[in-house]
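Contents: one structure, followed by commentary.
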């Protein structure tokens, strides 16, 4: 049975569509995009795959890609958080919680931010 991918987004359909368009997921199976429920108390949250609900326990990454291979339960395989904000001294801590569920569920996750920052405490340059 061919695999299918479920791409869940948190308030950013354009970002999810970008991931679907450029991640080559369609080469490996069918891709369906869904919006994540805004709160765990909303009825659609109970309908999410259990592994995804556990990943979302603390907060919601911007995009979560789940795999349905037809033989095992649907499970997240990658998640990421994207920000346009230049890293401030404590800004990374404000959004870090969105990836705690990834660590707990052993799902690769990424936090993507602008490539350069200059503050007294942080000086990062990539590239």
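Any read-out appearing in this document is the output of simple, stated calculations on the displayed coordinates, not a laboratory observation. Bear in mind the structure is a predicted one, so any value in this text is a computation, not a measurement. So basically every Cβ, Gly included, is an ideal-geometry build from the backbone, and we count neighbours across all protein chains shown.
Assorted remarks:
- Cα centroid separation - segment 51-81 against segment 1-46, whole Å: 9 Å
- Calculated FRET efficiency, residue 41 to residue 84, Cβ-Cβ distance, R0 = 30 Å: about 0.55 to the nearest 0.05.
- In this label model, residue 96 and residue 59 are separated by 1.0 nm, measuring between points 7 Å along each Cα→Cβ vector.
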